[in-house]
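Heads up: the structure comes next, in structure tokens.
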Amino acid sequence: MRFAVEQDDELVIFTIKESILDSTNAPDVKSELLILCQPSVKALVMDLSMVHFCDSQGLSAVLLAHRQMKDNEGFVVLVGVQESVRKLFAISQIEYLFEFQPSVEAAISWLQSE
């Protein structure tokens, strides 16, 4: 699983560098998210702009991030979500759990305005 992590104090930017987020790589994503989503982190920006396909296991990984951050009173912002992936959020009726932004820069601006 290829991904990148940038951390700046209370902000973590987690970029998935794969076109598919599914049962083959979701466990690796979940493991990394459990490490990253600590009480000291107030915002997790997940850059999904390279992800063109996501299945239920991939969705489960994103939901894990939401649960972890909510428990720590933090936010998850999803960035660059492709239309096909966004439809999965809509069909699953979980869109309301997340803030969607077009870019990492827009996500950071949104977080600063909160």
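Since every read-out is calculated from the coordinates, none of them should be taken as a lab result. Computed from a predicted structure; not experimentally measured. Reconstructed Cβ throughout: ideal geometry from the backbone, glycine too, with neighbour counts over all protein chains shown.
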Ranking of Ile16, Ile108 by count of other Cβ atoms within 10 Å, fewest first: Ile108, Ile16
Virtual spin-label span in nm between Arg67 and Glu10, 7 Å along Cα→Cβ: 2.5
For segment 89-96, Karplus-derived ³J(HN,Hα) couplings (6.51, -1.76, 1.60; θ = phi - 60°; whole Hz; x for glycine and proline) come out as 4, 5, 4, 7, 6, 10, 3, 5
Between segment 1-17 and segment 57-114, the Cα center-to-center distance that results, in Å: 14
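Over the alpha-carbon set of the chain, divide Rg by the Kirkwood Rh and report the Rg/Rh ratio to two decimals.
My calculation of the ratio gives 0.92.
Only counting other Cβ atoms within 10 Å, I'd like Asp55, Asp8 sorted with the fewest neighbours first. The partial results should precede the final answer.
Values: Asp55 14, Asp8 9.
So the residues, fewest neighbours to most, are Asp8, Asp55.
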Please list the non-local residues whose amide H lies under 5 Å from the amide H of Val77, H modeled 1.01 Å from N, same-chain partners needing a gap of 5 or more. Leu44, Val45, Met46
Straight-line reach check, Lys42, cutoff 24 Å on alpha carbons, 8 or more apart in-chain or any other chain, hits among lysines -> Lys17, Lys30, Lys70
